[in-house]
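Below is one structure, written out as structure tokens, with a few remarks after it.
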Amino acid sequence: MSSYKEIVLRSGKEASLQRFHPWVFSGAIARKPEDLVEGETVRVLAADGTFLGVGHFQIGSIAVRIMSFVDEPIDAAFYKKSLSNAYRMRSSLNLVRPDNTIFRLLHGEGDCLPGLIVDIYGDTAVIQAHSVGIHRDLELVTNALKQILPTDMVKHIFYKSEGTLPYKAGIFPENSYLSGGEDVDEIAMENGLRFRIDWLKGQKTGFFVDQRENRALLEYYAKGRHVLNMFCYTGGFSVYALRGGAASVMSVDSSAKAVSITNQNVALNFGEDPRHSSYPEDAFKFLRQLSGGEKDLIILDPPAFAKHRGAINNALQGYKKLNLQALQKIAPGGFLFTFSCSQVISAEQFRLAVFSAAAISGRKVRILHQLTQPADHPINIYHPEGEYLKGLVLQVE
């Protein structure tokens, strides 16, 4: 039995934990110690004293993130066991291989370690903390990584949590190397394609790892087509489309830096390929100015339109507007790959927004694929909120 401070829930508030949901909301707490420090590990008890779980305390709506439903210490052995299980699963998925050195090793609640993300890029592991508890346990996480990964696999560990830790905590971490950091190779490989990864300043941990399988599907559709990749970021879909034999690929992003990295990634794989062109422009403006019928394969992969529930309605209007513009401009018989990565938008809500756009366009539209995140971004069956990536592949007549 662990010896942590204890938080006691209000009567009747234990049901979600008994169903293994890993969050305790602040309104469910009846009492907690006065001297509790943010990020501290606590035991959570029902009103009658029944043990429910061990987790990290945090100020805010989500007050405790449960690390274990067993009464055990959250120590070096715990992290080593959890990370070993995660690495074993990725290995069994055949993600760890010479032509694929990009994958997510640890996916927060999906791997039963809330608040922790670990992405592998070649010989660099990027750790991202989304809770103060993980930040406090950073040395335990780092040591566990060094123990469970093959010695020739990861030479550098980078910590990238400046923008993900809650500001209320009063901690100000700096993005920095925890080990290694010299002679770093920023080139890693996904399904035989080479990408430059900007974990120093890029979005998320530097690359949209979660679109790997959807990029591979796009490659299948690309042959002979004129492709428009909106919100291209670092050009993942563009590079796959070029390998798939696209007649032309146009990459668009509002960030000039993202467009520059896209161009670098195209050159890494295809040199100065005349099929590719890129534009640092606003997506909505670019689509409005696009000639109708010019493109017969369009990708819409925008940033999250809704970061919280209060923004849902505006986000759904944004998705409808964006998809309507694409549906109005795509050539007859063309394909639209459209996505939402907003966690608070459900698959049903996103599909309804796209349906509304299709109805307004007046065109015949069929759903060919319903897409989600890959297996190295698993969804804890007890935590449906972890299903954040939604996608549809549409054929438009």
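Test ARG43 against the criterion of being in a strand (DSSP E or B) and touching a helix residue (DSSP H, G or I) at 6+ places or on another chain (Cβ under 9 Å), and give yes or no.
Values: in a strand (DSSP E or B): yes; touching a helix residue (DSSP H, G or I) at 6+ places or on another chain (Cβ under 9 Å): no.
No: the conditions fail for ARG43.
With the requirement that a residue be in a helix (DSSP H, G or I) and surrounded by 14 or more Cβ atoms within 10 Å (Cβ to Cβ), what does the stretch 82-101 give you? Give the derivation first.
Kept after step one, since they are in a helix (DSSP H, G or I), are these residues of the stretch 82-101: 82-92.
Scanning the stretch 82-101 gives SER82, LEU83, SER84, ASN85, ALA86, TYR87, MET89, ARG90.
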The residue from GLY163, GLY202, GLY181 that alone is at pLDDT below 95 and either open to solvent by 40 Å² or more (accessible area, probe 1.4 Å) or more than 20 Å from LEU105 (Cβ to Cβ) (or both) is GLY163
Selection count where residues are open to solvent by 40 Å² or more (accessible area, probe 1.4 Å) and touching a residue at least 40 places away in the same chain (Cβ under 8 Å), scope the stretch 232-256: 1
Out of (1) modelled with pLDDT of 95 or more; (2) part of a loop (DSSP other than H, G, I, E, B); (3) open to solvent by 70 Å² or more (accessible area, probe 1.4 Å), what's the single condition that is false for ARG351? (2)
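Please determine whether any residue of the stretch 356-376 is open to solvent by less than 10 Å² (accessible area, probe 1.4 Å), closer than 26 Å to ASN191 by Cα and either modelled with pLDDT under 95 or in a loop (DSSP other than H, G, I, E, B) (or both).
Here is the first cut: in the stretch 356-376, the residues open to solvent by less than 10 Å² (accessible area, probe 1.4 Å) are 357, 374, 376.
Filter again for closer than 26 Å to ASN191 by Cα, leaving 374, 376.
Narrowing the set further to residues that are either modelled with pLDDT under 95 or in a loop (DSSP other than H, G, I, E, B) (or both) leaves 374, 376.
Within the stretch 356-376 (the criterion being open to solvent by less than 10 Å² (accessible area, probe 1.4 Å), closer than 26 Å to ASN191 by Cα and either modelled with pLDDT under 95 or in a loop (DSSP other than H, G, I, E, B) (or both)), the answer is yes, since at least one residue qualifies.
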What is the one condition in (1) open to solvent by 30 Å² or more (accessible area, probe 1.4 Å); (2) on the phi < 0 side of the Ramachandran plot that GLY12 does not satisfy? (2)
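The values are calculated or read from the model by the stated rules, or taken from the named source; none is laboratory data. No experiment lies behind these values; they were computed from the predicted model shown. For neighbour counting, all protein chains shown are included, and Cβ atoms are generated from backbone atoms with ideal geometry for every residue, glycine included. All accessible areas refer to the heavy atoms of the entire protein, side chains included, with ligands and DNA or RNA removed. Shrake-Rupley method; radii C 1.70, N 1.55, O 1.52, S 1.80 Å.
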